[in-house]
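Structure first, then comments.
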Amino acid sequence: MIVVALVVFYASRSLFQGLLLTLERHIPCILGTLGASNMGNSCVCRDDSGVEDNVETQNQQTQNSRIPVPEARSHPRDPVRPPRRGRGPHEPRRKKQNVDGLVLDTLAVIRTLVDNDQEPPYSMITLHEMAETDEGWLEVVQSLIRVIPLEDPLGPAVITLLLDECPLPTKDALQKLTEILNLNGAVACQDSCHPAKHRNTTAVLGCLAEKLAGPASICLLNPGILEYLLQSLNFQSHPTVMLFALIALEKFAQTSENKMTVSESCISDQLVLLEKWTDNPDYLKRQVGFCAQWSLDNLFLKEGRQFTYEKVDLTNIKAMLNSNDVSEYLKISPRGLEARCDASSFESVRCTFCVDSGVWYYEVTVITSGVMQIGWATKDSKFLNHVSACEVTQLIL
């Protein structure tokens, strides 16, 4: 029995030691597997939380960066009334667009602006920004000459408005423009076959002469441009071209040195011929006649010619436009029944006849298609020539 018990004891101890050795070998593997499993889960949890954090951060950034976008997309840009905002010192210049398209867009929407407080069209704002550089200004001017159609009555008004609002050109830009246009009498004869371009060129010259009155105007009126404008007064030119060439010469004459230069060119001889159109049934030629007569009476005097107001018959005229109650740049005919504005400002005049009772009416003949206002006025009403922008207008009472 003792021997059997010893054998069983040693066998059990050997088995127990073997089991311990087995456990010692496998426990590290099991623990390593469990540890790896726990570390993987914790990494996944951290990754998930990090992803959630990143997603939340990205969402917040996206929301912050998109705050103005829904409003901008839900309210598309209005080409007529864009938000007027100056470009900051570090803000990049707007992307260059097709200049001809912007000019035509401005021409299309300008007739919809009926209130002085309305914002200018987006196309006009863009053109003004482009004209901040010499290169951009030259592109805008050339586009105005190239694309404004002859038959659109607001074409000259758009030329005036755009050039008035654009920054003043530098001396280098003016010099470059004269080189590009290269105007002279021969070019005027060639342009007579293209009256739209011809008219637009004379309109641009007139606007620049008015905008740059002084030394810059003197430099602009070189012999070639003077010859171009004088040649444009010939009867072979379109009446519209003749009209705006004459207006351009009038505006150049606002500078005394230019006035002497134009007067010495014997322009008065041609104006005497054009003066005969003052009562022409063709309203376009009638405008040329009116401006020719006004220039002969006020700017380019001809020796031996009697002033029109000295020989006009006023016997049957009971009321007329008051030449002593008129704003600065309005032209009034010698009979006092016809008025015309060639300035970009809004000029006004009152009549010499006052009514305070009864029933009265008036009749007018509108010669041009420009913007004008006709109505009753009190003696206390003030003339503010900055109230509205006016295109060339002419009417007869």
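The values are calculated or read from the model by the stated rules, or taken from the named source; none is laboratory data. Note that the structure is a prediction, hence the values are computed from the model and not measured. Cβ atoms come from the backbone with ideal geometry, glycine included; neighbour counts cover every protein chain shown. Heads up: the accessible areas ignore ligands, DNA and RNA and are worked out on the full protein's heavy atoms, side chains in. Shrake-Rupley method; radii C 1.70, N 1.55, O 1.52, S 1.80 Å.
To the nearest 20 Debye, how big is the dipole of region 238-388 about its Cα centre, given +1 on the beta carbon of each Lys and Arg and -1 on that of each Asp and Glu?
140
Within a Cβ distance under 13 Å of Arg350, other residues only, what is the Lys/Arg minus Asp/Glu net charge?
Numbers: positive: Lys379, Lys382; negative: Asp325, Glu347, Asp380.
Every neighbour counted, the sum reads -1.
What distance in nm separates the simple spin-label points at Ser381 and Ser357, each placed 7 Å from Cα in the Cβ direction?
2.3
Classify region 132-210 as rounded, prolate or oblate from the Cα gyration tensor: take a ≥ b ≥ c as the square roots of its eigenvalues, call it rounded if a/c is under 1.5, otherwise prolate when a/b beats b/c and oblate if not.
Working: a/c = 2.04, a/b = 1.21, b/c = 1.69.
Oblate, since a/c reaches 1.5 and b/c is not below a/b.
For Glu227, what charge total do you get from the other residues with a beta carbon under 15 Å from its beta carbon, if Lys and Arg give +1 and Asp and Glu give -1?
On the way: positive: none; negative: Asp191, Glu264.
Value of the local net charge: -2.
Decide, for region 99-310, between rounded, prolate and oblate: order the square roots of the alpha carbon gyration tensor eigenvalues as a ≥ b ≥ c, take rounded if a/c falls under 1.5, and otherwise choose prolate if a/b is larger than b/c, else oblate.
Prolate.
Can you tell me the order of 134-141, 171-178 when each peptide is scored by its average per-residue count of other Cβ atoms within 10 angstrom, highest first? Walk me through the intermediate numbers first.
Working: 134-141: 19.1, 171-178: 15.6.
The packing order, highest mean first, is 134-141, 171-178.
Given a Förster distance of 30 Å, report the FRET efficiency between Glu264 and Asp164 from their Cβ-Cβ distance, rounded to the nearest 0.05. Write down the numbers at each step before the final one.
Numbers: r = 30 Å, r/R0 = 1.00.
The value I calculate is 0.50.
What is the Cα centroid distance between region 105-147 and region 241-282, reported in whole angstrom?
Centre-to-centre distance over Cα atoms comes out at 29 Å.
Please report, as a whole percent, how much of the solvent-accessible surface of region 122-259 comes from carbon and sulfur atoms (probe radius 1.4 Å).
Ligands and nucleic acids excluded, carbon and sulfur give 54 percent.
Which lysines have a Cα less than 30 Å from the Cα of Lys197, not counting those fewer than 8 places away in the same chain?
Lys95, Lys96, Lys171, Lys176, Lys211, Lys251, Lys259, Lys276, Lys285, Lys331
Residue-wise, which Karplus ³J(HN,Hα) couplings in Hz belong to region 314-324, taking 6.51 cos²θ - 1.76 cosθ + 1.60, θ = phi - 60°, and x for glycine or proline?
For region 314-324, the Karplus curve yields 10, 4, 9, 9, 9, 8, 8, 6, 7, 5, 9 Hz.
Counting other C-beta atoms within 10 Å, and keeping those with at most 10, which DSSP coil GluC sites (Glu not before Pro) do you find in region 303-358?
Numbers: sites: Glu303, Glu310, Glu328, Glu338, Glu347; in loops: Glu303, Glu328, Glu347.
Within region 303-358, the qualifying GluC sites (Glu not before Pro) (loop, at most 10 other Cβ atoms within 10 Å) are Glu303, Glu328.
How would you classify region 287-333 from its alpha-carbon gyration tensor, with a ≥ b ≥ c the square roots of the eigenvalues: rounded for a/c under 1.5, else prolate if a/b is greater than b/c, otherwise oblate?
Numbers: a/c = 1.96, a/b = 1.26, b/c = 1.56.
Taking the square roots of the gyration eigenvalues as a ≥ b ≥ c, region 287-333 is oblate.
Kindly report, to the nearest 10 Å², the accessible surface of Ile180 as traced by a 1.4 Å probe over protein heavy atoms only.
70
Can you give me the distance in nm between label points at Gln118 and Val366, each placed 7 Å from the Cα along the Cα-to-Cβ direction?
Label-label distance for Gln118 and Val366, simple model: 1.7 nm.
According to the Kirkwood expression over distinct Cα-Cα pairs, how big is the hydrodynamic radius of region 261-354, in Å?
Numbers: mean 1/r = 0.0696 Å⁻¹.
One over the average 1/r among Cα pairs gives 14.4 Å for region 261-354.
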